[in-house]
Amino acid sequence: MAKNWYSVQVWAGKEEEIKERILQYLAENNLSDKVEKIFIPPPKEIEIVYSPEKQVVARFYSGYFLVYGELEEDLKEKLKSFEGVLDIVGGDKIYFFRTEEIEKLMKQLVVEEIKPKPRYQFMPGDKVKIIEGPFANFIGIVDEVKADKGKVKVLVSIFGRETPVDIDFTNLQKI
């Protein structure tokens, strides 16, 4: 049977976990030659929610990944039996993608660098702690918010004088 691209629908947010389980199964059962690639569309953005310790990733085509390989009946049934796999796109009449379609899609989706976008807003007068950069661990007061640039002007005390410093949203934490 020839190798083709097909799409697998999975629980949203569990794409990586399910991919790892499938790869582990294939390796354990000497079926690695049946599946050549599994492509999970990359994140389109990362949002920081209230602190840098918690990040929310929003994906392009959340809940799907693409597989390149031979799809024999026994492998198809095994894939569908994994917890978190909902179906193979097309159901009984599987839809196979042309390689050109997938290459075009991959070029559109692959992003060199994803800059985190904070979900929360800073307001003038908010007390914040700088968590990264040359002013790390300084505490200051928000003076001005530059939302379009993703920066905040923070007044920090240096040698007893209030000094304005421009800091990225991602390097701040509300106190």
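The values are calculated or read from the model by the stated rules, or taken from the named source; none is laboratory data. Everything numeric here is computed off the predicted structure, so don't read it as measured data. As a convention, Cβ positions derive from the backbone with ideal geometry for all residues, glycine included, and neighbour counts pool all protein chains shown.
What the table shows:
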{"read-out": "Residue count, segment 67-81 (criterion: modelled with pLDDT under 90 and of a type in the set (Phe, Trp, Tyr))", "value": "0"}
{"read-out": "Cross-chain or 6+ apart pairs with Cβ under 9 Å, segment 18-38 first and over 14 Å from Leu75 (Cα atoms), then surrounded by 11 or more Cβ atoms within 10 Å (Cβ to Cβ) and hydroxyl-bearing (Ser, Thr, Tyr)", "value": "Lys37/Tyr68; Ile38/Tyr68"}
{"read-out": "Residue within segment 135-150 that is within 30 Å of Pro41 (Cα to Cα), at pLDDT below 90, surrounded by 12 or more Cβ atoms within 10 Å (Cβ to Cβ) and of a type in the set (D, E, K, R) present", "value": "no"}
{"read-out": "Residue within segment 99-111 that is assigned to a loop (DSSP other than H, G, I, E, B) and at pLDDT below 85 present", "value": "yes"}
{"read-out": "Test for Tyr64: is it more than 30 Å from Gln121 (Cα to Cα), modelled with pLDDT under 90 and among the aromatic types (Phe, Trp, Tyr)", "value": "yes"}
{"read-out": "Enumeration of residues in segment 69-98 that are over 14 Å from Val35 (Cα atoms) and part of a helix (DSSP H, G or I)", "value": "Glu77, Lys80, Ser81"}
{"read-out": "Checking Trp5 against (1) surrounded by 14 or more Cβ atoms within 10 Å (Cβ to Cβ); (2) at pLDDT 90 or above; (3) out of contact with any strand residue (DSSP E or B) (no Cβ under 6 Å at 6 or more places or on another chain), the condition it does not meet", "value": "(3)"}
{"read-out": "All positions within segment 124-175 that are more than 29 Å from the chain's Cα centre (by Cα), in a strand (DSSP E or B) and in contact (Cβ under 8 Å) with a residue 40 or more places away in the chain", "value": "Lys127"}
